[in-house]
Amino acid sequence: MRRKILKSSKNMNKDREDKLYSNSMSFYFSSFKKKEMEIRFFFILIIFSFCAIIILLRIGYLQILCSEKLVKFHDLLSLRTKKIKHDRGLIFDRNGKKLAINVTAYSIGVNPEIVLKFNDIKEQKIWKQLSIELKIPLERIYQKIISSKNLKFIYLVRKVVGLNVRSIVNMKIKGLHVFRELRRYYPYGKISASFLGLTNVNQVGIEGIEKSFNSILNGVDGKKIVRVDKNQKIIEEISIIKKDILPKNITLSVDIDIQSIIYELMNKHVLKNRARVGMSALLDIHTGEILSMVSIPSENPNGYFHGCPTKMTKNRVISDLFEPGSTVKPMIIVKALNEKIINRKSIILTKPYKIGKFLIKDVKKYDFSSISEILQHSSNVGSSRIALVMSSEEILSTYSNFGFGKSTNLNLFNEKNGRFPLSQKKLTPIEKATFSFGYGFMITPLQLVRAYSIIGNYGIFQNLSILKKEDGLFFEKRVFPKKIVQEVIEMMQHVPLEGEKSFQKKIDYQAVIKTGTIKKVNNAKYVHKYISCTVGIAPISHPKYSLIIVIDEPKAGNYYGRLVSTPIFTEIMKKLLNYIKYKDTIKNCHHIL
């Protein structure tokens, strides 16, 4: 029993010793681990501190010593120079109707390199569908891409209206791009084409009003520096480096309703007379505003996607030159009456006569003629005998006062000043004679109709304008006495007006006209080709409008002005005055209401 107790006691002592040893060892190891952890932590702290110091030094180096270089590098990646662009200005007629507007169009382009790499143009159905959508033969598309395979981008079509864009985008053709752009559109097409002109594909005017007023309609593009993201989207505007000038709309003096009336009638008669060209211009006598300018034939400018001026879009009223013929005889009479070379009751010998080897004669022979009869018969003999008494300076200054050889100051593209001698020129007798009946110098239809507006304004010169004038902004200058011009107008009332009876029957107006039948020049020689011209003013009781009709090379049989251009003048003036009368009636009705 005692042995058992002693043995048990020994075992307990041994367990106690083992436990103490275990506790002492665990304490030793725990303190060792703690020191190890502290060492590790300290070591890691040193490493982090060292890294932080390196980073801070690097940051300081970059921020202080390399900042300019880094900013430049960043700017190189993100800064772009962008144009400040605006939509082209609109063009209105005098009543606010839109003559030229901007419409949404689409351009289709491709990257030939990508297209040829990922597509089989001739075999894939989507390319056949694209060909149908673009209305371009597939073979032509293929050849265009193949011929440009070294380029990064080409257009298939540019600024087309009416494309099914959604269908094209849904084709998901690799390398094909669709762009939304603006293009010019002319609501009145060929009716307004000759004076409006057109723009090219980049919205730059290349003909007519569009070119003449291009800087006003387009303004001036500005430039700005912007910051973009990786998708090239603008995220910040930095600065403006060139200030833009905003485009402006312009309002013309033209009345598009009147323009339409004259265009339709001119087109009808040009076809009827099988003429090469027809021209017409209408002025407001009291303001100098151009209400209409028509050139036939004309072309619809909306068909020219790439802006292609042709003879069809040319404004012949301001650019075509011709000898005015007998239409200038009233001007010689005005000057002769003013200088008291003749008076209203003068009788002039009008038998044919010679100047050197040149015979001066009329279509019909008249022994003697009054001043009224000289105008009525359009006598070359009578007007030339009067001119022979006048000095060279008097003849040239007369035409100069009526605006011949001078700019109209409209600043229109392609406008001609005519071919007219200097005022110091000494005219020979034959030159005096030919000048008196409108040969030996050349003018434009617009210059001639302006001369008749001076007659209609009783001797007052009015500056022309293609822009609508504000009330009161009129420049006037008297160039001939009112009494003298009125006398000539009264004499001109006896000039026969083709279709005059029917003209006067339908409306209570009367026109004063002068006709001309002019031989054309080819290679410095007169040929058997003619220009028929009629110019006049109406209504005679209080002249308001000056109108000219020019028919170049009529081939339907007749070529005399009284048989070709005068009936057109009559019909146009009749419709025009009825239209004005109707408008005034409507306006008065609205005023009463």
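The values are calculated or read from the model by the stated rules, or taken from the named source; none is laboratory data. Given the structure is predicted, the values throughout are model-derived calculations rather than measurements. Reconstructed Cβ throughout: ideal geometry from the backbone, glycine too, with neighbour counts over all protein chains shown. Heads up: the accessible areas ignore ligands, DNA and RNA and are worked out on the full protein's heavy atoms, side chains in. Shrake-Rupley method; radii C 1.70, N 1.55, O 1.52, S 1.80 Å.
Numbers at a glance
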| item | result |
| --- | --- |
| Residue in the range 357-367 that is open to solvent by less than 50 Å² (accessible area, probe 1.4 Å) and farther than 22 Å from residue 560 by Cβ present | no |
| Residue count, the range 124-140 (criterion: open to solvent by 80 Å² or more (accessible area, probe 1.4 Å) and either closer than 23 Å to residue 183 by Cα or in contact with a Gly (Cβ under 6 Å, 6 or more places away or on another chain) (or both)) | 2 |
| Number of the condition not met by residue 507 [criteria: (1) closer than 21 Å to residue 439 by Cα; (2) at pLDDT below 90; (3) open to solvent by less than 60 Å² (accessible area, probe 1.4 Å)] | (1) |
| Top-ranked residue in the range 70-91 [being in contact with a helix residue (DSSP H, G or I) (Cβ under 9 Å, 6 or more places away or on another chain) and not small (Gly, Ala, Ser); ranked as surrounded by the fewest Cβ atoms within 10 Å (Cβ to Cβ)] | 70 |
| Spans of helices (runs of 4 or more DSSP H) in the range 301-407 with at least 2 residues over 43 Å from the mean Cα position of the chain (by Cα), in contact (Cβ under 8 Å) with a residue 24 or more places away in the chain and over 21 Å from residue 425 (Cα atoms) | 329-338, 371-377, 380-389 |
| Any pair with Cβ under 9 angstrom, 6 or more apart, that starts in the range 566-581 at a residue that is closer than 12 Å to residue 539 by Cα and ends at one that is of a type in the set (Lys, Arg) and surrounded by fewer than 20 Cβ atoms within 10 Å (Cβ to Cβ) | 574/506; 577/544; 578/506; 580/544 |
| Inter-residue pairs, beta-carbon under 7 Å, first farther than 16 Å from residue 550 by Cβ and in the range 425-453, second acidic (Asp, Glu) and assigned to a helix (DSSP H, G or I), 6+ apart | 440/431 |
| Among the residues listed as 248, 224, the single one being in a strand (DSSP E or B) and surrounded by 13 or more Cβ atoms within 10 Å (Cβ to Cβ) | 224 |
